[in-house]
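What follows is a short report on a single structure.
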Amino acid sequence: MIGYLQGRPLRFSSDQVILLVQGVGYELHCSAQTLAALEGRAFVEVWVHTHVREDALQLFGFATEIERALFLSLLKVNGIGPKSAVTALSGASTAQIVEWIEAANVSALTKLPKIGKKSAEQIVLTLQGKLVRGADSMVSSRFVARPQIVSALVNLGFRLGDVEKVVDQMSVDTDLEGGLRQGLSALTS
């Protein structure tokens with residue numbers, strides 16, 4: 001199984017990137033957030049999920065371990081396949097999706113691409129209360145402080161996309177005060 005790749009983005013499409021790794025081009029299905037994080041960079045690191053079916057082998061790429069962990073959590077939901085999960089991740093940040101799940105906000109979840117009312121209800125039923133406390137999941141304590149860090153930095157006038165990229169690079173155990181310091185330092189340099 002392929003779990004991680006480093007290489008040069010060769011070609012982008014609306015939902016894929018071809019990543020050149022030592023002469024081999026890997027086609028990775030990605031969310032809009034991941035594609036935005038990879039675009040314009042000469043060399044990237046990508047977390048990968050290898051999905052094997054009878055008739056296909058597909059690779060799904062993620063700019064952060066957290067996005068990959070949320071993707072894997074979504075795969076546990078009845079009726080959500082890998083393409084639906086990666087498409088849904090394009091509709092909002094990982095932190096926002098986790099907040100909606102924890103708040104049982106079905107109407108917000110239905111605004112995600114490929115997620116209808118029944119799927120949104122099933123997501124809440126399956127994942128509510130399990131994302132934050134999952135010890136084996138990378139969707140962990142970062143989400144406790146992450147929304148506050150993102151909100152504070154956006155309220156200070158920084159662009160949401162830039163803020164999310166900086167916050168995604170922070171350590172999992174970063175608290176609010178430390179996150180604000182790191183974020184301000186990274187965004188003003």
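Taken over segment 147-170, the criterion of being of a type in the set (Gly, Ala, Ser) and not in a helix (DSSP H, G or I) is satisfied by GLY157 alone. For segment 68-91, a tally of residues being surrounded by 20 or more Cβ atoms within 10 Å (Cβ to Cβ), closer than 18 Å to ALA36 by Cα and without any contact (Cβ under 8 Å) to a residue 60 or more places away in the chain returns 4. Does segment 40-52 contain at least one residue that is in a helix (DSSP H, G or I) and buried (at least 20 other Cβ atoms within 10 Å of the Cβ)? Scanning segment 40-52, I find no residue that is in a helix (DSSP H, G or I) and buried (at least 20 other Cβ atoms within 10 Å of the Cβ), so the answer is no. For PHE62, the conditions (1) more than 15 Å from ILE115 (Cα to Cα); (2) surrounded by fewer than 18 Cβ atoms within 10 Å (Cβ to Cβ); (3) in contact (Cβ under 8 Å) with a residue 24 or more places away in the chain are fulfilled apart from (2).
For GLN22, the criteria (1) among the polar types (S, T, N, Q); (2) modelled with pLDDT of 95 or more; (3) surrounded by fewer than 13 Cβ atoms within 10 Å (Cβ to Cβ) hold in every case but one, which is (2). Screening GLY61 against (1) outside any helix (DSSP H, G or I); (2) under 21 Å from GLY7 (Cβ atoms); (3) more than 11 Å from the chain's Cα centre (by Cα) leaves a single unmet condition, (3).
Just one of the listed residues (ILE97, ILE101, ILE18) is touching a Gly at 6+ places or on another chain (Cβ under 6 Å), free of Cβ contacts under 8 Å to residues at least 40 places away in the same chain and of a type outside the set (Phe, Trp, Tyr), namely ILE18.
Per-residue answers, yes or no, for (1) of a type outside the set (Gly, Ala, Ser); (2) at pLDDT 95 or above; (3) within 25 Å of LEU19 (Cβ to Cβ); (4) outside any helix (DSSP H, G or I):
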site: ALA37; (1), (2), (3), (4): no, no, yes, no
site: ALA69; (1), (2), (3), (4): no, no, yes, no
site: LEU72; (1), (2), (3), (4): yes, no, yes, no
site: ALA85; (1), (2), (3), (4): no, yes, yes, no
site: GLN96; (1), (2), (3), (4): yes, no, no, no
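Filtered by the rule that a residue be part of a helix (DSSP H, G or I) and over 17 Å from the mean Cα position of the chain (by Cα), segment 109-131 gives LYS117, LYS118, SER119, ALA120, GLU121, GLN122, VAL124, LEU125, THR126.
The values are calculated or read from the model by the stated rules, or taken from the named source; none is laboratory data. Quantities reported herein were computed from a predicted structural model and do not represent experimental measurements. Here Cβ is always computed from backbone atoms with ideal geometry, including for glycine, and neighbour counts include all displayed protein chains.
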